[in-house]
Amino acid sequence: MASSSADSSPMRWGLKEQRSVYLRWFYLADDDADGRLTGKDALKFFAMSKLSRDDLKQVWAIADSKRQGYLGFAEFMTAMQLVSLAQAGQDISQDTLAHADLGSLQPPTMEGLEKKLKKSSTHKSTSDLAAYHPIQSPMSANWFNSKSGKKIAMKSVTSIIDGLKKAYIEKLRPLEKTYQYSDFVSPLLTSSDFDAKPMIMLLGQYSTGKTTFIKHLLKTSYPGAHIGPEPTTDRFVVITTGPDERCIPGNTIAVQADMPYSGLSAFGTAFLSKFECSQMPHPLLDHITFVDTPGVLSGEKQRTQRSYDFTGVTSWFASKCDLILLLFDPHKLDISDEFKRVIGSLRGHDDKIRIVLNKADQVDAQQLMRVYGALLWSLGKVLNTPEVMRVYIGSFNDKPIRETAAGPLGTELFEREQEDLLSDLNDIPKKACDRRINEFVKRARSAKVHAHIVGHLKNNMPALMGKAKAQQKLLETLDEQFAKVQKEMHLPAGDFPGVDEYRDALSAYNFDRFERLRPKMVKDVDDMLAYDIPDLLKQFRNPYD
């Protein structure tokens, strides 16, 4: 039996009318009213469409393109539009959805839905539905305020991200707190760190086109943007979505609980005065956040003009970002000492780095060939990796490509390269959940290694006499201590931190006050990696698999 809504004249249907109808449907399908439609609920509701299991599998895969393990209201609308198109005999694909006239698309036929709506909604007024906002507002934000290690009921977990939060609070955070992981590697995570939108950070020397690149993607300027031949961006600027156009000072943004920047408070007021958030309403910013950075300095400037730990800040952002773009232009291929330190601070995030040779239409084809070779040679001395980094060549601004320099072949090359880079950027929101899992596992392995190192140093301290001398010897032979821990505990060498940076951090601590290794804590983290996370991914996969 078709829903009465599907019998209406097609001319009456628009996106506004569809939204009103789908809101009622979503309210019905979402049993626990948490704004999320999980696989179990979807199985019952989508079955009313009478589509085959394979078709519904494809519908879910496209609607849940971010692999969150649930559908919010926007994704639910997408799923219903796909169901409607499938019932009309069209292919279920992203391409079909992109080319469909969604404004005049009627809601799908859902057998038995009208009866269910009457049974459950007769007592619900329109105002009740209007007040129902199916926007993600999980209770998990409150989990972080509770005592570390407190058990969280599985029924509270309705997505992969929720599952990661639960695993972190119950198993990983206790280990990090015990062995002071936040002092050595990274601050403790908050709920906003898990829920944050994907971030793209742009790094490069001044006047390589970082701010212009962001404006090119947004197709408009953003509050506080400055462009010029000299270092005009003198601060770290986070460009994110918001109800109006305004700039928020760094001290303010660092204390906002719903923003993932509280960890930047550790860099002090000197940095926070050089940090701001630029917010504006924009469809792209609903899915991605950009981080514009000051131009990396060279010469005498790099030793005198920073009042904060520039390398430390870039390292902090690198750990949070989903993609890091290193911008060069043909006339600035030299890598200064500060830029070398910045690139070194990206260690462990090689998979996120993309190289962009910007303003490439300022040189002709022959010069470009030489510039490209020189850039790879310069990078080869700084990036400690045998693989060649992917380099995108183009001119990322709103001006047409200069054919006089590039020539017809160069123009075609630039267009293809720009398409490749934009395709890479478009995939970021879809891969955000996978990236969260990847970063979480990487953090867990790092925290486990850190616990073993700290426990080893504690065990090698004498009980009574000669503690200062013993600590000094351990610091001097830290590379040997790493090798011992690696061999005894069968840990991968790639999970160990850099010896020099770690030695600097350790020198401020009294090893005798460190905690001894607690095998149960380490086992909990091992079990989390071996069982909990695989089970989580299995639980929230496509329900039609």
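The values are calculated or read from the model by the stated rules, or taken from the named source; none is laboratory data. Since we're looking at a predicted model, the values are computed, not measured. Positions of Cβ are generated from backbone atoms using ideal geometry, with glycine treated the same way; all protein chains shown enter the neighbour counts. Heavy atoms of the whole protein, side chains included, go into the accessibility calculation; ligands, DNA and RNA do not. Shrake-Rupley method; radii C 1.70, N 1.55, O 1.52, S 1.80 Å.
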For residues that are surrounded by fewer than 21 Cβ atoms within 10 Å (Cβ to Cβ) and of a type in the set (A, V, I, L, M), scanning just segment 265-277, find the one that is farthest from D193 (Cα to Cα).
A270
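Let's see how each residue does on (1) of a type in the set (A, V, I, L, M, F, W, C); (2) within 32 Å of the chain's Cα centre (by Cα):
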residue	(1), (2)
D54	no, yes
Q68	no, yes
M77	yes, yes
S93	no, yes
K115	no, no
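Pick out the one residue from K467, K484 that is open to solvent by 70 Å² or more (accessible area, probe 1.4 Å) and either out of contact with any Lys or Arg (no Cβ under 8 Å at 6 or more places or on another chain) or under 17 Å from Y181 (Cα atoms) (or both).
On the way: K467 fails: open to solvent by 70 Å² or more (accessible area, probe 1.4 Å).
So the residue among K467, K484 that is open to solvent by 70 Å² or more (accessible area, probe 1.4 Å) and either out of contact with any Lys or Arg (no Cβ under 8 Å at 6 or more places or on another chain) or under 17 Å from Y181 (Cα atoms) (or both) is K484.
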Can you tell me which of D351, D286 is free of Cβ contacts under 8 Å to residues at least 24 places away in the same chain and within 21 Å of R435 (Cβ to Cβ)?
D351
Kindly provide the set of residues from segment 1-45 that are modelled with pLDDT of 75 or more, open to solvent by less than 30 Å² (accessible area, probe 1.4 Å) and out of contact with any Phe, Trp or Tyr (no Cβ under 8 Å at 6 or more places or on another chain), ordered by number.
Q18, V21, D30, D41
Pairs under 7 Å by beta carbon, first residue among the aromatic types (F, W, Y) in segment 455-467, partner exposed (fewer than 11 other Cβ atoms within 10 Å of the Cβ) and modelled with pLDDT under 90, six or more apart or different chains?
none
Of all residues in segment 164-201, how many are in a loop (DSSP other than H, G, I, E, B) and surrounded by fewer than 18 Cβ atoms within 10 Å (Cβ to Cβ)?
4
Residue count, segment 412-463 (criterion: over 27 Å from Q94 (Cα atoms), modelled with pLDDT of 85 or more and open to solvent by 60 Å² or more (accessible area, probe 1.4 Å)):
4
Counting only residues in segment 471-511 that are part of a helix (DSSP H, G or I) and touching a residue at least 40 places away in the same chain (Cβ under 8 Å), the one farthest from K458 (Cα to Cα) is identified as D495
